[in-house]
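A.B. asks: Quick one: this structure, given as structure tokens, is what I'll be asking you about.
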Amino acid sequence: MKNLPSFIVAGFTLGLTAACQSNQTPEAATTPDAPAATRPTTPPTTARPAPLPITAVDLRPGVAEQTPREGYLQVVSAKVLQAEPMQLRLPAMWQSDPDRADGVKAAPGYRISYEAVLQWIPQGFGRQQVPASLPLYSPNGRDTLASFRVGGLNLNVPGRERYSVTPIAPRKPLTVRGTLYAFLGQNEQKQPALVVYPYRGQAGGFDDSFKKVLLPISQ
């Protein structure tokens with residue numbers, strides 16, 4: 001456990017106080033921008049964190065991590081619909097040494113279903129006319145790690161659709177639903193917080209723009 005990031009260790013300890021129940025780690029969805037990163041772990045029983053009240057966190061900064069880096073898709077509001085406690089597989093850079101017999105591969109966290117309001121702010125069109133609308137690709141798989149995207153080529157493969165496609169108009173709020181994964185941890189003041197899965201640095205490591213996103217849990 002000593003190799004876990006400090007901001008997750010406390011959450012892992014808290015999780016061990018809960019009753020052991022069968023593992024419900026989600027299967028990974030394989031999408032072009034979301035490599036397989038959450039899978040069932042091998043132990044037959046693992047600890048899950050306590051239930052999370054749906055009003056306990058401000059989810060907006062977490063949902064923002066599922067939008068493009070350029071900032072042209074803004075999160076106006078977000079609310080939790082359901083938070084399912086479970087063990088989540090740690091990203092590769094957060095795992096213990098795989099050669100250690102006691103290597104930790106998962107930690108307590110939540111699968112959070114949410115409803116959010118997004119707004120598209122056009123960028124980069126210059127003198128070109130801004131389209132009346134563009135397709136918004138919203139991940140619709142229960143266990144996908146994919147993110148929202150505006151415009152571009154259709155991400156869906158016929159028969160294996162993983163995105164809902166909805167027209168989004170400039171500067172007009174649009175309500176969507178999605179799923180966010182977060183680990184139970186703590187902030188710098190040692191207070192309980194959710195650590196958002198690193199959606200913008202998934203492929204086995206993190207780039208220079210990765211930052212830790214914490215969602216304080218209200219008491």
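The values are calculated or read from the model by the stated rules, or taken from the named source; none is laboratory data. All figures in this text were calculated on a predicted structure; none of them were measured in a lab. Here Cβ is always computed from backbone atoms with ideal geometry, including for glycine, and neighbour counts include all displayed protein chains. Surface accessibility is based on the protein's heavy atoms, side chains included, excluding ligands, DNA and RNA. Shrake-Rupley method; radii C 1.70, N 1.55, O 1.52, S 1.80 Å.
A.B. asks: With a 1.4 Å probe and all protein chains in place, put Thr179, Thr166 in order of accessible area, largest first.
C.D. replies: Ranking Thr179, Thr166 by accessible area, largest first, yields Thr166, Thr179.
A.B. asks: Which net charge results for the neighbourhood of Arg60, defined as the other residues with beta-carbon distances under 13 angstrom from its beta-carbon, given Lys and Arg at +1 and Asp and Glu at -1?
C.D. replies: -2
A.B. asks: If you don't mind, there's one more thing I want to ask. Which lysines does Lys172 reach when only Cα atoms under 26 Å apart count, and residues fewer than 8 places away in its own chain are ignored?
C.D. replies: List returned: Lys79.
A.B. asks: At 1.4 Å probe size, put Asp143, Asp58 in order of accessible surface, largest to smallest.
C.D. replies: From most accessible down to least: Asp58, Asp143.
A.B. asks: How big is the equivalent ellipsoid of region 46-178 along its three axes, where each semi-axis is √(5λ) from the Cα gyration tensor, reported in whole Å from largest to smallest?
C.D. replies: Over the Cα atoms of region 46-178, the ellipsoid semi-axes are 33, 18, 14 Å.
A.B. asks: Counting only heavy atoms of protein chains, what accessible area per residue, in Å², does region 149-203 have with a probe of 1.4 Å?
C.D. replies: About 53 Å² of surface per residue is accessible.
A.B. asks: If you don't mind, another one. Once fully extended, how much extra length lies between Thr175 and Gln191, figured as 0.36 nm per residue of separation less the alpha-carbon to alpha-carbon distance?
C.D. replies: Working it through step by step, the gained length comes to 2.6 nm.
A.B. asks: Multiply the residue gap between Val157 and Arg69 by 0.36 nm, knock off their C-alpha separation, and tell me the result in nm, one decimal place.
C.D. replies: Length gained, Val157 through Arg69: 29.2 nm.
A.B. asks: Here is a further query. Could you give the nm distance between label points at Arg142 and Gln129, where each point is 7 Å from its Cα heading toward the beta carbon?
C.D. replies: It is 4.5 nm.
A.B. asks: Between Val165 and Lys212, what length comes free when the chain is fully extended (0.36 nm per residue of separation minus the Cα-Cα distance, one decimal in nm)?
C.D. replies: 14.0 nm
A.B. asks: Local charge sum around Val196 (other residues, Cβ-Cβ under 9 Å, Lys/Arg +1, Asp/Glu -1)?
C.D. replies: Once all neighbours under 9 Å are counted, the net charge is 0.
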